[in-house]
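Quick one: structure below, then a few questions.
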Amino acid sequence: MPSQDNLYARIADFDSMEAELKATRQHLHAHPELSFEEAETARYVAEKLESWGYTVTRNVGGHGVVATLKNGTGTRSIGIRADMDALPIEEETGVAYASTVPGKMHACGHDGHTTVLLGAAEYLARTKRFNGTVTLIFQPAEEAGQFSGAQRMIADGLFERFPIDAIFGLHNHPGMPAGTLLTRAGPMMAAGDTVKITVTGKGGHASRPHLTVDPVLVACNLVMTLQSIVSRNVDPTQTAVVTVSTIHAGEASNVIPNNARISMSVRCFDPAIRVFLEERIRKLTASVAEGHGATAEIEYEYGYPVVVNSEEETAFAREVAEELVGTDHVSTCPPLPGSEDFAYFLHHRPGSFLRLGNGKNSQILHSSKYDFNDGSLTTGAAMWARLAERYLNV
């Protein structure tokens, strides 16, 4: 460990806060709120921050909370983000602090993400061992899929109202030991798009198919054709997924319907491939439909873009992580096919998105039996505190 270690936050500095952090996390877990409904969570977060001396701005892009704390004469500003919303899932963990709201639970660990940033906030306000401005972003509606909390906060002037030089965020990572940290420069999480196609043909009696234009046949051809895009059009060294996940047509076995509908999930890690995939899907769909005498209407819904971590900020975050937990407990994150709206922040400022180990035996994200590992709270809080101190004391 570097000789300057005692100058910056350590995990041991949070040992006395561990019980408080667990109580906070479990309170949030018991009171989940869905995207765009986080009013009580935002109030709870804002009141804590105000009690520690932060300048708090509420209702940024919805229920977003932004807290700033300036110390010294430094001009640099670091932004750190945590998401607050829960999911529409009936909890089946059986824990004492399980969701008290039927059909809603923190199945993705946002209760933990919010808690570790609150822990860092309290520590930074108490110690003030930094020179510059800390800007903490508590974001709503990460799970929205479209028109999310990140987009709304940016549209509400986040970066104009709160100057930030670089921005950081994290997500827990089931399958890795609690307290470990993962980083990755460049593309880290995939863009996730949804495509819905309605094929219109000409219905009729199943015994006389020659008098119809069968949309079921067209849809089946589309399934095979579209799922060949990646294998025959995308460079094998790149990663992309085109999955037809639903197909619906007709109701009676002796009737050829007028319409058939399919939907797809499209994912990739390269923005250029994302554009290419849309082009190929549109062209092949039109071609197959026309070849059978049918028509096809496409709804192409862009989800979150690729999370692309900047090289410099990721290298810095990894250096801080290795100082904090040691090189043996920091690893390179593989590309992840899930999506994250933190990507929108990275379109405006350099930064990096990290992963925090949630335990080797952790349930998968979005499971009704998932729970954030309280054993990672002090590591997460110390990471954010040390990162802020190091960044602002350059």
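The values are calculated or read from the model by the stated rules, or taken from the named source; none is laboratory data. Everything quoted here is computed from the prediction, not taken from an experiment. Cβ atoms come from the backbone with ideal geometry, glycine included; neighbour counts cover every protein chain shown. Heavy atoms of the whole protein, side chains included, go into the accessibility calculation; ligands, DNA and RNA do not. Shrake-Rupley method; radii C 1.70, N 1.55, O 1.52, S 1.80 Å.
Between Val394 and Thr332, what's the calculated FRET efficiency when r is the beta-carbon distance and R0 is 30 Å? Round to 0.05. Walk me through the numbers on the way to the answer.
Working: r = 24 Å, r/R0 = 0.81.
Rounded to the nearest 0.05, the efficiency is 0.80.
As I understand it, the value is the acute angle between the Cα axis of helix 18-30 and the longest principal axis of the Cα atoms of the chain; what does it come to in degrees, rounded to 10?
Around 30 degrees separate the two axes.
Quick one: of the DSSP bridges fully inside the chain, what percent are antiparallel, nearest 5?
On the way: 46 of 68 bridges.
Beta bridges within the chain, antiparallel portion: roughly 70 percent.
What's the carbon and sulfur percent of the range 322-382's accessible surface, probe 1.4 angstrom, rounded to a whole number? Write out the running numbers ahead of the final one.
Values: 1140 of 2350 Å².
On the range 322-382, the fraction of accessible area on carbon and sulfur atoms equals 48 percent.
Could I ask something else about it? Considering the chain, what Rg and Dmax in Å follow from its alpha-carbon atoms?
Just the Cα atoms of the chain yield Rg and Dmax of 24.0, 84 Å.
Further, regarding this structure: Classify the range 23-166 as rounded, prolate or oblate, taking a ≥ b ≥ c as the square roots of the eigenvalues of its Cα gyration tensor: rounded when a/c is under 1.5, otherwise prolate if a/b is larger than b/c and oblate if not.
On the way: a/c = 2.59, a/b = 1.55, b/c = 1.67.
It is oblate, given that a/c is not under 1.5 and a/b is not larger than b/c.
With every protein chain present, what is the per residue accessible area of the range 1-118 (1.4 Å probe, Å²)? Walk me through the numbers before you get to the answer.
Details: 4870 Å² over 118 residues.
So the range 1-118 comes to 41 Å² accessible per residue, rounded to a whole number.
Taking every Cα atom in the range 115-163, find the radius of gyration and the maximum pairwise distance Dmax, and write them in Å.
My reading of the Cα-based Rg and Dmax gives 13.6, 39 Å.
Given 0.36 nm per residue, what is the gain on full extension from Ser228 to Ser51 after removing their alpha carbon distance, in nm? List each step's numbers first, then the result.
Working: separation 177, 0.36 × 177 = 63.72 nm, distance 5.72 nm.
Extra length available between Ser228 and Ser51 comes to 58.0 nm.
If you split all Cα-Cα distances of the range 312-394 into 5 Å bins from zero, what percentages do you get per bin, shortest first?
3, 11, 19, 23, 22, 15, 5, 1, 0
Still on this structure, I have one more. In degrees, nearest 10, range 0 to 90: what is the angle between the Cα axis of helix 377-392 and the longest Cα principal axis of the chain?
Computed tilt is about 70 degrees.
Rg and Dmax of the range 284-352, using alpha carbons, in Å: what are they?
20.5, 65
Per-residue HN-Hα couplings for the range 248-259, Karplus 6.51 cos²θ - 1.76 cosθ + 1.60 at θ = phi - 60°, whole Hz, x for Gly and Pro?
Once rounded to whole Hz, the list reads 9, 6, x, 9, 10, 6, 9, 10, 7, x, 7, 9.
Where the centre of each part is set by its Cα atoms, how far does the range 91-137 sit from the range 247-292, in angstrom?
Using only Cα atoms to place each centre, the spacing works out to 41 Å.
Could you work out the helix-only [θ] at 222 nm for the chain, with each DSSP H run of four or more residues adding -39,500 (n - 2.57) and the total divided by the number of residues, to the nearest 500 deg cm²/dmol? Each step should come with its number before you reach the end.
Values: 11 runs with 129 residues, N = 394.
Result for the chain, helices only: -10000 deg cm²/dmol.
Relative to the longest principal Cα axis of the chain, at what angle does helix 311-325 sit, 0 to 90 degrees, rounded to 10?
50 degrees
Find me the longest stretch of the chain that has none of the exposed trypsin sites (Lys or Arg not before Pro), where exposed means in a DSSP loop (not H, G, I, E or B) with at most 15 other Cβ atoms within 10 Å.
Values: sites that count: Lys128, Lys360, Lys369.
The answer is 129-359.
Under 5 Å between amide H atoms, partner at least 5 residues away or on a different chain: which partners does Ala9 have, H built in plane at 1.01 Å?
Under 5 Å from the amide H of Ala9 lie the amide H atoms of Arg386, each far enough along the sequence or on another chain.
Between Glu40 and Ser287, what FRET efficiency follows from the Cβ-Cβ distance if R0 is 41 Å, with the result rounded to 0.05? Don't skip to the answer; put the middle values down first.
Working: r = 52 Å, r/R0 = 1.26.
The computed FRET efficiency comes out at 0.20.
How high is the FRET efficiency from Glu251 to Tyr302, r the C-beta distance, R0 35 Å, rounded to 0.05?
Values: r = 32 Å, r/R0 = 0.92.
Using R0 = 35 Å, I get an efficiency of 0.60.
Related question: Taking every pair of distinct Cα atoms and averaging 1/r, then inverting, what Kirkwood hydrodynamic radius in Å comes out for the range 80-156? Kindly include the intermediate steps, with their values, before the conclusion.
Working: mean 1/r = 0.0699 Å⁻¹.
Evaluated over the range 80-156, this radius sits at 14.3 Å.
Could you tell me which chymotrypsin sites (Phe, Trp or Tyr not before Pro) in the range 90-197 are loop residues by DSSP with no more than 15 other beta carbons within 10 angstrom of their beta carbon?
Values: sites: Tyr97, Tyr123, Phe130, Phe138, Phe147, Phe159, Phe168; in loops: Tyr97, Phe130, Phe147.
Taking the range 90-197 and a limit of 15 other Cβ atoms within 10 Å, the loop chymotrypsin sites (Phe, Trp or Tyr not before Pro) found are Phe147.
With the alpha-carbon atoms as the only input, what is the per residue convex hull volume for the range 91-247 in Å³?
Numbers: hull volume 40.8 nm³, N = 157.
Enclosed volume per residue, from the Cα hull, is 260 Å³.
Let me have the relative contact order for the range 155-276, percent, based on Cα pairs under 8 Å that are six or more residues apart. Numbers along the way, then the final one.
Numbers: 163 pairs, mean separation 39.5, N = 122.
Across the range 155-276, relative contact order equals 32 percent.
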